[in-house]
1. Step by step: first the residues of segment 35-53, then only those that are in contact (Cβ under 8 Å) with a residue 12 or more places away in the chain and either among the aliphatic types (A, V, I, L, M) or part of a loop (DSSP other than H, G, I, E, B) (or both), then the one that is farthest from Asp15 (Cα to Cα). Which residue is that?
2. If I filter segment 29-64 down to residues being acidic (Asp, Glu) and touching a strand residue (DSSP E or B) at 6+ places or on another chain (Cβ under 6 Å), which single residue comes out as surrounded by the most Cβ atoms within 10 Å (Cβ to Cβ)?
3. Under 9 Å by Cβ, and 6 or more places apart or on different chains, what pairs join a residue from segment 19-30 that is assigned to a helix (DSSP H, G or I) with one that is surrounded by fewer than 14 Cβ atoms within 10 Å (Cβ to Cβ)?
4. Within segment 25-47, can one find any residue that is more than 12 Å from Val72 (Cα to Cα) and either among the aromatic types (Phe, Trp, Tyr) or at pLDDT below 90 (or both)?
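The values are calculated or read from the model by the stated rules, or taken from the named source; none is laboratory data. These numbers come from a predicted model, not from an experiment. So basically every Cβ, Gly included, is an ideal-geometry build from the backbone, and we count neighbours across all protein chains shown.
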Amino acid sequence: MSEDAGTGAEPADDDAVLLFVGGPLDGRVEIRRACHGEPLPTVTHVHLHGGPKVVHRYDLQTLADGAGVYTVRPRAQHPVPDDAVPD
């Protein structure tokens, strides 16, 4: 996250304003300063806690110059092998 995230700082003309939709980052707005380069096409958020780690991936959809939305990627469904389920 950028240093300006959540500070209410106004973006400069060449900074990017990015909104996160879905998952644990839902509603977060990040101002990515132009000096950090273009926003990444995918952001991975890993939540570490007492249980297993939880991974969410966000894909960027560019709206206009300097604005974009990171939308949480749907979780992959892992099929259960037939032999894993007792008869």
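1. Applying the filter and picking the extreme gives Val43.
2. So in segment 29-64, the residues acidic (Asp, Glu) come out as 30, 38, 59.
Next, only the ones that are touching a strand residue (DSSP E or B) at 6+ places or on another chain (Cβ under 6 Å) stay: 30, 59.
Details: Glu30: 20, Asp59: 13.
If we take residues in segment 29-64 being acidic (Asp, Glu) and touching a strand residue (DSSP E or B) at 6+ places or on another chain (Cβ under 6 Å), then Glu30 is surrounded by the most Cβ atoms within 10 Å (Cβ to Cβ).
3. What qualifies is Pro24/His47; Pro24/Val54.
4. Yes, because at least one residue in segment 25-47 is more than 12 Å from Val72 (Cα to Cα) and either among the aromatic types (Phe, Trp, Tyr) or at pLDDT below 90 (or both).
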